[in-house]
Structures are given as structure tokens and as C-alpha cells.
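Asker: Let me give you the structure first, and then I'll get to my questions.
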């Protein structure tokens, strides 16, 4: 009756969270227009308020709040002014000492979250 079981090791939970996040992020971007060649604007359902250097966003339809730190706030401000992720990236590279690849990845993550929360609208560029 004494059966022997092999030692079973379970992967680190943080690795699973990372994989789940990566899968989710991929699903968001597969359904999203290429943000680098698109027009981006705040959703008509989005309200935003600057508070102490940070921004609070509210989707009035879903009643979901979203907070932006000072860098996220700067990205939001530049998006409102330019409507272009590429223009935002270019401006941030001038303002901050940041690696271009890291900035693109961070912006893609943030914009994906804003799309998912229906706080921004991304419209494909017209075919020329």
C-alpha cells in the first residue's frame, strides 16, 4: 500500500503570472490596430483630472478608475496634443534619458491597458 511518488516541483507562481500577463497582452495587441501608425484619442466616455502631478482617469460608462503616475501623465498629455504614439515616443526620448526599446515596451503596455479599459480609441491610419 505504500506507493512511492516522484518529487513534483511546481513552477514559480510569479513565472505563471508573467506568462498569463504576456498571453493577455498578446491578445490585446492582436485585436488592436498598430499603435505606432494610428491616431489615438481619449474615448468619449473618458474623464480625466490632474491631481498633484498625477492623472486620474474615469470611464463614465464602466465606472472604472485608472491612475497615472507622473510619467504616465506626461504620456497622456502628449497623446492629447499629438494623437500619435510615435510622436509621444519621440518627445519623451528628448525629455528623458531612456532606452528606446524600453520606452516602446512601456508605452505599448500602458496603451494596451488604456484600450482595455476603454479610455482611449485607436484608429488605423488610412491606406494611402
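Asker: Given the criteria modelled with pLDDT under 95, exposed (fewer than 13 other Cβ atoms within 10 Å of the Cβ) and more than 16 Å from residue 48 (Cβ to Cβ), does residue 105 qualify?
Answerer: Taking the combined requirement at face value, the residue satisfies it.
Asker: Here's another thing I want to ask about it. Considering 53, 72, 112, which residue is on the phi > 0 side of the Ramachandran plot and touching a helix residue (DSSP H, G or I) at 6+ places or on another chain (Cβ under 8 Å)?
Answerer: The unique qualifying residue is 53.
Asker: Would you confirm whether any residue within the stretch 79-98 is at pLDDT 90 or above, in contact with a strand residue (DSSP E or B) (Cβ under 7 Å, 6 or more places away or on another chain) and surrounded by fewer than 19 Cβ atoms within 10 Å (Cβ to Cβ)?
Answerer: yes
The values are calculated or read from the model by the stated rules, or taken from the named source; none is laboratory data. Since the structure is predicted, the reported quantities are computational estimates derived from the model, not experimental observations. Here Cβ is always computed from backbone atoms with ideal geometry, including for glycine, and neighbour counts include all displayed protein chains.
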